[in-house]
Number of protein chains: 2
Amino acid sequence: MYLGAIEAGGTKFVCAIGDHDGNIKERVTFPTTTPEETMRRVVEFFRPYPLEAIGIGSFGPVDLRRDSATYGYITSTPKQQWVNFNFVGEMKRHFSVPIGFDTDVNAAALGERRWGAAKGLQSCIYITVGTGIGVGAIVEGNLLHGLMHPEMGHILVRRHPQDTFAGVCPYHGDCLEGMASGPAIEKRWGKKGAELADRKEVWELEAFYLAQAIANYILILSPEKVIIGGGVMKQEQLLPNIRHHVMEFLNGYVQHEVILQKMDEYIVLPGLGDNAGVCGALALAKQALDE
Amino acid sequence: MYLGAIEAGGTKFVCAIGDHDGNIKERVTFPTTTPEETMRRVVEFFRPYPLEAIGIGSFGPVDLRRDSATYGYITSTPKQQWVNFNFVGEMKRHFSVPIGFDTDVNAAALGERRWGAAKGLQSCIYITVGTGIGVGAIVEGNLLHGLMHPEMGHILVRRHPQDTFAGVCPYHGDCLEGMASGPAIEKRWGKKGAELADRKEVWELEAFYLAQAIANYILILSPEKVIIGGGVMKQEQLLPNIRHHVMEFLNGYVQHEVILQKMDEYIVLPGLGDNAGVCGALALAKQALDE
């Protein structure tokens, strides 16, 4: 018997078959188009396999309140065709197994906690910096939910004194995502991040914003591990720069040896690499089975 | 049988005897002086009563890791005489009952959840704005801890464009506490907040900083209720101003009816009034008994 995993992103879907130890047996990737076409490919991929459970880590916002009439829906996404799409309902129509459902970043945090960089810990955050900025969190051993799910990519940040860029967030302009997402880099500098690898000032400014957000996440959530991935983090100069600025922003206030002396082990890349999301969806499937 | 409660603040201690429903039977308040003198008064107050358990909500930082050699200690406080004070150990020396221990603000959050404004909810935050700014949180039904406990009063905030005040935080200068605590108000305007009640610009600026922090707490923790108390909140013009600015900062991004339409029920004063802290300590005692 297998577990099914769906990493449902705004630009692409990754579907995979895996086992209870997080090993991926088969995987397929296809672009996110209409719900009809995309879901047809999802169902076709999973149909041949005897599945025990399926986990979905989805782009959002999503409705995660179990007692809600729209539980399992993608809700107010800017992707018009997916607004109010009943993701869990559609999967249940085809597969009579437990379905785990959460945000893509909460899934990745769960995967990293089960098999990756936060293995054995009771808390962690998983940050992805790419087309958008998303953050998932585990607190006291549980995925973090509340009124809704967190939307930490949109926190307000302090502007760098030399920075006049307006930001790209349609809601907030210069929130974190508005200042530091992939599209923000491209609009600010006129080129994609991958083409700016040798421009030190690009990554210095990027680190300033990401580190500021991470310092606030640390002060608010006190996670035992900070994991940061996504396309923008492929720039290798970025992570040491972020660690440096986080230390500067906290300025010795959080007196824990991990933060004062072991920053290299505290803020890290995903242990599961690019598989954090899809392994996280496997972990959601496993969790749904145990419920 | 009774429960004992200690609200241990940096300037005063409140000790109380109460029951399992949060009713206070007796209470006493005295100034925080040396640990020896202060603890002598604590022990004297409780000694006559048959106690089942004692709860302590303490100023900090405190060590809350159960597996730590210094669990139950006040750690690196600026109050020199209290540095590395073994609070739980000292109480255990005198009373052979379960001792609950957490930060003062986590205690208040717990009290508000059990008997106050967040009754029946799975999540809330409790903010106090006074000599310092502290925040306690309940997430997924549990008090929030991680690497340490949160220190949300020190998050970095965006400076108001017309504000040139340097801030009073010895670690960060112009973090939230540095810009918006009682001492920050006094230093910025040359008078205590209570003497500035009719100065509209004072409370407009105060609301700007507090609302910004609350917007970030909402984006990061997604609490079902935001409770805000402390001496500074006695200024009645402040709360409506804060709600207004939180709506502005979020700008429709968090699409939940409570935030879009019911802000007056979402950001509220403590349901327990000035008893939030001491009732919270009672709730910690109750929790210690149930463990």
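The values are calculated or read from the model by the stated rules, or taken from the named source; none is laboratory data. Computed from a predicted structure; not experimentally measured. Heads up, the Cβs are rebuilt from the backbone with ideal geometry, glycines too, and the neighbour counts pull from every protein chain shown. Note: areas computed on protein heavy atoms with side chains; ligands, DNA, RNA excluded. Shrake-Rupley method; radii C 1.70, N 1.55, O 1.52, S 1.80 Å.
Evaluated against (1) away from chain B (no Cβ under 11 Å); (2) touching a residue at least 24 places away in the same chain (Cβ under 8 Å), A:P240 falls short on exactly one condition, (2).
Quick one: would you say B:G116 is touching a residue at least 60 places away in the same chain (Cβ under 8 Å) and more than 9 Å from every other protein chain (Cβ to nearest Cβ)? Considered against the rule, which asks whether it is touching a residue at least 60 places away in the same chain (Cβ under 8 Å) and more than 9 Å from every other protein chain (Cβ to nearest Cβ), B:G116 comes out as yes. Looking at A:T103, is it closer than 28 Å to B:I214 by Cβ, away from chain B (no Cβ under 12 Å) and modelled with pLDDT of 95 or more? Spelling it out, it is not the case that A:T103 is closer than 28 Å to B:I214 by Cβ, away from chain B (no Cβ under 12 Å) and modelled with pLDDT of 95 or more.
Would segment A:60-71 turn up any residue that is buried (at least 20 other Cβ atoms within 10 Å of the Cβ) and either closer than 22 Å to B:H145 by Cβ or away from chain B (no Cβ under 14 Å) (or both)? Taking every residue of segment A:60-71 in turn, none turns out to be buried (at least 20 other Cβ atoms within 10 Å of the Cβ) and either closer than 22 Å to B:H145 by Cβ or away from chain B (no Cβ under 14 Å) (or both). Taken across segment A:169-182, residues that are part of a loop (DSSP other than H, G, I, E, B), under 30 Å from A:G22 (Cα atoms) and in contact with a Ser or Thr (Cβ under 9 Å, 6 or more places away or on another chain) do occur, with at least one present. For segment B:91-113, residues that are within 23 Å of the chain's Cα centre (by Cα) and either assigned to a helix (DSSP H, G or I) or buried (at least 24 other Cβ atoms within 10 Å of the Cβ) (or both) total 15. Summed over segment B:122-140, the residues that are open to solvent by 40 Å² or more (accessible area, probe 1.4 Å) and either without any contact (Cβ under 8 Å) to a residue 12 or more places away in the chain or within 9 Å of chain A (Cβ to nearest Cβ) (or both) give a count of 2.
Looking only at segment A:188-207, decide whether some residue is open to solvent by 30 Å² or more (accessible area, probe 1.4 Å), closer than 21 Å to A:F249 by Cα, charged (D, E, K, R) and in contact with a strand residue (DSSP E or B) (Cβ under 8 Å, 6 or more places away or on another chain). Checked against the condition, which is being open to solvent by 30 Å² or more (accessible area, probe 1.4 Å), closer than 21 Å to A:F249 by Cα, charged (D, E, K, R) and in contact with a strand residue (DSSP E or B) (Cβ under 8 Å, 6 or more places away or on another chain), segment A:188-207 yields no hits at all. When the residues of segment A:20-41 are filtered to those that are in a loop (DSSP other than H, G, I, E, B) and touching a residue at least 40 places away in the same chain (Cβ under 8 Å), the one that is surrounded by the fewest Cβ atoms within 10 Å (Cβ to Cβ) is A:D21. Being modelled with pLDDT of 95 or more and either within 11 Å of another protein chain (Cβ to nearest Cβ) or open to solvent by less than 10 Å² (accessible area, probe 1.4 Å) (or both) holds for only one residue in A:L143, A:L147, and it is A:L143. Against the criterion of being in the same structural domain as A:Q122 (by TED's automatic domain parsing) and either within 30 Å of A:D67 (Cα to Cα) or charged (D, E, K, R) (or both), A:N142 qualifies. The residues on offer are A:L221, A:L210, A:L205, A:L196, and the sole one that is within 14 Å of chain B (Cβ to nearest Cβ) and farther than 27 Å from A:G22 by Cβ is A:L210. Among the residues of this structure, A:P161 counts as one that is outside any helix (DSSP H, G or I) and either open to solvent by 20 Å² or more (accessible area, probe 1.4 Å) or more than 9 Å from chain B (Cβ to nearest Cβ) (or both).
Open to solvent by less than 10 Å² (accessible area, probe 1.4 Å), touching a residue at least 60 places away in the same chain (Cβ under 8 Å) and of a type outside the set (S, T, N, Q): is that true of A:V246 in this structure? No; evaluated as a whole, the condition is false for this residue.
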